[in-house]
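*Asks:* The structure's right below; bear with me while I get my questions together.
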Amino acid sequence: QVQLVESGGGLVQPGGSLRLSCAASGFTLAIHQIAWFRQAPGKGREGVSCISSSDGSTIYAESVKGRFTISRDNAKNTAYLQMNSLKPEDTAVYYCALDRGYGSTCSMSFYEYDYWGQGTQVTVSS
């Protein structure tokens, strides 16, 4: 059975850090584009970052550039989102997503991704 399971969310103070993990089961992770999306209360789903399968190139939303880092460990079938200098505006449910495989360069289009995890809550508050 294929599945994606996010972990690492929680409550953190502004300026703090969290590392989210996305464990992929039933996938050969190396052939998939990976993206992180987030959804804040009352808002739609927003692309945060993605990493390509072909060359490892990355894209970041302007709001997180310089603070977040996406990475992948294909041998462990796990993707990560390192989040530093967290702000209250980062509060959201964070989701990882995979495309169907064999793509070239990733995008942060919702429509590119076919497999989704259930999400992990990140709350940034004093």
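The values are calculated or read from the model by the stated rules, or taken from the named source; none is laboratory data. Given the structure is predicted, the values throughout are model-derived calculations rather than measurements. Just the protein is used for accessible areas: all its heavy atoms, side chains included, with ligands, DNA and RNA removed. Shrake-Rupley method; radii C 1.70, N 1.55, O 1.52, S 1.80 Å.
*Asks:* Can you list, largest first and rounded to whole Å, the semi-axes you get for the stretch 47-91 by taking the square root of 5 times each eigenvalue of its Cα gyration tensor?
*Replies:* After scaling each eigenvalue by five and taking roots: 21, 12, 7 Å.
*Asks:* How much of Ile31 can a 1.4 Å solvent probe reach, expressed as accessible area in Å² and rounded to 10?
*Replies:* Answer for Ile31: close to 50 Å² accessible.
*Asks:* Would you compute, for the Cα atoms of the stretch 49-123, the largest minus smallest coordinate along each principal axis and list the three values in descending order, in whole Å?
*Replies:* 36, 25, 25
*Asks:* Could you grab the relative contact order for the stretch 1-78? Cα pairs under 8 Å, six or more apart, rounded to a whole percent.
*Replies:* So the answer I get is 26 percent.
*Asks:* A follow-up question, please. If you find the alpha carbon centre of the stretch 83-106 and of the stretch 1-53, how far apart are they in angstrom?
*Replies:* 5 Å
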